[in-house]
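Encoded as structure tokens, the structure appears first; notes follow it.
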Amino acid sequence: MALIALGLNHQTAPVALRERIAFPADATLPALAELIAEPGVSEAAILSTCNRTELYCTVAPGAEDAPAQWLNRHHMLTHARVDEFLYHHADADAVRHLFRVATGLESMVLGEPQILGQVKDAYAMARDAQTLKSPLERLFQNTFAVAKRVRSDTRIGANPVSVAFTAVRLAERVFADLSQACVLLIGAGETIELAARHLTEANVRRLIVANRTLDNAQTLATRFGGYAIALADLDKHLAEADIVIASTASREPVLLREQVEAAIARRKRKPMFLVDIAVPRDIEASVAEVEDVYLYTIDDLRGIIDDNLRSRREAARQAEAMIELSVEHFMGWWRAFDTRNPVADLRRGAEHDRDEALAKAHALLARGKSPEEALAFLANTLTNKLLHAPSANLRAAALRGDEELLRAAERLFDVGAQANERER
């Protein structure tokens, strides 16, 4: 049996192809049923996010290509269209890959925590579809344990490394409790959307979204429970804002010094915290000179982000060492699982011989033989059957002088101890 991981991600495939290969949540259960029905596929799980689609399977010997072939057929794509973008991992490499994915080492943002929840969702979906058996079940449980250990024992997720998240973290340093703060977001693009999401998670008291196109502002504000205004109405609401985060595509500043001075006067000198994460800048540079106003630019954030990235990279090196040790432990279990177990085989053989001899003893009783005769037959038959193969092999070992096997048999069957017991 082989353990297979294959897929594509933001590093190997363009977004157009990632969109084609993705599995929506409502399509994953039927897809798992299809995949597990493929000849040679024993188990399956599908991890599908905006940045990656991956299949995790256990397959019979000779069926290693079955998951990739199914992926092409399912999405009606040719091998040439997909295979050049796919990565394939087997056994220890597959285990290592899943551990790295779950700990954020394979993410676009190093160490981001959301991926672990997505891996857990993929596991839950596979359990619901009943496409997991012992190997993948154990692999996912090990994965969650490794990710938890990496999160608790390293600082891989301790510091923000995205511009939006860093801006919000800075705001949290100034306003320890964002639930008491009013935040004004200028813009409606992806960075502002990310900032809105982080602010909502921090339970910000009030969120105002200002944009040149009011419809875009309303769409974003509605999504996060905020209030939308047109950029032309900025002066009417600027004084309400404790925090301003700006990121537009404007070629000229959209927030001028005179506007900020007027707002700070209306606030009776209550401080304002401003973050300009646009290039070119959205907030006039001289705003930094206004008393009681604290202005950070993208360059200020970049310095923090670079420091945090260095910290995460060091944590990632620690995580790699922890992952390697965990891969070794899992592969030890996998090799034991994937190898025929002689103890289980011995017990199954002995139980078969027992049942066969017992059936014959019952037949003797049915034919009128006495219980003593049936018991003697049962004892003699079981003794002969259980000892025939080892006795024959040991006689052959004695004839060819195989001392190693003879000594092993003494240890295995505890022959010396049994002889001493009989003498007593």
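What the table shows:
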| read-out | value |
| --- | --- |
| Ordering of 146-156, 258-268 by burial proxy (mean other Cβ atoms within 10 Å per residue, highest first) | 146-156, 258-268 |
| Fraction of beta bridges assigned by DSSP in the chain that are antiparallel (%, nearest 5) | 45 |
| Helix 134-153 axis, angle to the chain major axis (alpha carbon atoms, nearest 10°) | 40 |
| C-alpha long axis of helix 214-223 to longest principal axis of the chain, angle in ° | 40 |
| Count of lysine pairs in the chain with Cα separation under 21 Å (8 or more residues apart, or interchain) | 6 |
| Ranking of 50, 57 by count of other Cβ atoms within 10 Å, fewest first | 50, 57 |
| Förster radius 51 Å - calculated FRET efficiency between residue 309 and residue 33 (Cβ-Cβ, nearest 0.05) | 0.75 |
| Interchain or long-range residues, amide H under 5 Å from residue 210's placed H | 185, 186, 187, 229 |
| Residue exposure sequence - 115, 283 - by fewest surrounding Cβ within 10 Å | 115, 283 |
| Backbone N within the range 213-234 under 11 Å of label point (7 Å from residue 205 Cα along the Cβ vector) | none |
| For the range 200-213, Karplus couplings with θ = phi - 60° (6.51, -1.76, 1.60), whole Hz, Gly/Pro x | 4, 5, 8, 6, 4, 5, 8, 10, 10, 10, 10, 8, 4, 9 |
| Cα-centre dipole for the chain with unit charges at Cβ (Lys and Arg positive, Asp and Glu negative), debye to 20 | 760 |
| Farthest positive-ward along the range 91-247 dipole, Cα basis, beta-carbon charges - from 165, 97, 226 | 97 |
| Residue-by-residue Karplus 3J(HN,Hα) for the range 305-319, coefficients 6.51, -1.76, 1.60, Hz, glycine and proline x | 4, 4, 4, 5, 5, 4, 5, 5, 5, 5, 5, 5, 5, 5, 5 |
| Per-peptide average of other Cβ atoms within 10 Å, ordering 356-369, 239-252, 303-316 highest first | 239-252, 303-316, 356-369 |
| Computed label-point distance, nm, for sites residue 74 and residue 1 using a 7 Å Cα→Cβ extension | 2.0 |
| For residue 275, distant residues with modelled amide H under 5 Å away | 244, 245, 246, 296 |
| Ranked list, fewest to most other Cβ atoms within 10 Å of each Cβ, for 110, 406 | 406, 110 |
| Under the Karplus curve 6.51 cos²θ - 1.76 cosθ + 1.60, θ = phi - 60°, whole-Hz ³J(HN,Hα) for the range 275-289, x wherever Gly or Pro sits | 10, 9, 10, 9, 9, x, 5, 8, 10, 4, 4, 5, 4, 4, 7 |
| Theoretical ellipticity at 222 nm over the chain - DSSP helices of four or more residues, -39500 (n - 2.57) apiece, nearest 500 | -18500 deg cm²/dmol |
| Residues whose placed amide H lies under 5 Å from that of residue 162, excluding near-sequence neighbours | none |
| Burial order of peptide ranges 185-196, 371-382 (average beta-carbon count within 10 Å, highest first) | 185-196, 371-382 |
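Readers should treat all values here as calculations from the given coordinates under stated rules, not as data from a laboratory. None of these values were measured; they are calculated from a predicted model. As a convention, Cβ positions derive from the backbone with ideal geometry for all residues, glycine included, and neighbour counts pool all protein chains shown.
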